[in-house]
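First the structure, in the form of structure tokens, and then the observations on it.
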């Protein structure tokens, strides 16, 4: 039975259904407003996150062209008031598009960043061990990555030590880091 039944020319509203179901017009209106506020909050948070991401990370977030263009324009603005206005415009545009894929990509970027930071620190520790301990640490690295070039790694360790004692820039240490990064799974 519908809320409004037509009986002849007269409309009869069945108010008992609303009361029994617990969704009176004011409760429905309140629920719609809350949903709208939640969407606005989600769009605002997403706009703030997109503004903070670097250019490389933004390329990994799927978004419509008009959102990408607006985001680029907003990021280029230097005046606070103008930027604030365009952020509001960006937020309102984000409310009108599907945000699910964008939010998923941002979550992947945030989760992946912690992993890459930890991996980066692990590679730094490996490099430092190679420079400090020498042959025993080199054997561990080669055992973990059997396809590695032992002679190249040994030469990089030797060059990095020599640069450190002579006070030169750590070119070989950086190259050793890159070699370790390439060996990592």
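A few notes on this one:
- Across the alpha-carbon atoms of the stretch 98-185, the computed radius of gyration and Dmax are 16.8, 58 angstrom.
- A simple packing score, the average count of other Cβ atoms within 10 Å per residue, orders the peptides 152-161, 59-68 as 152-161, 59-68, with the highest score first.
- Semi-axes of the equivalent ellipsoid of the stretch 119-165 are 16, 14, 9 Å, computed as sqrt(5λ) over the eigenvalues of the C-alpha gyration tensor in descending order.
We did not get these values from a lab; they are worked out from the coordinates using the rules stated. Just so it is clear, the structure is predicted and the values come from calculations on it, not from any experiment. With ideal geometry, Cβ positions are generated from the backbone for all residues, glycine too; neighbour counts draw on all protein chains shown.
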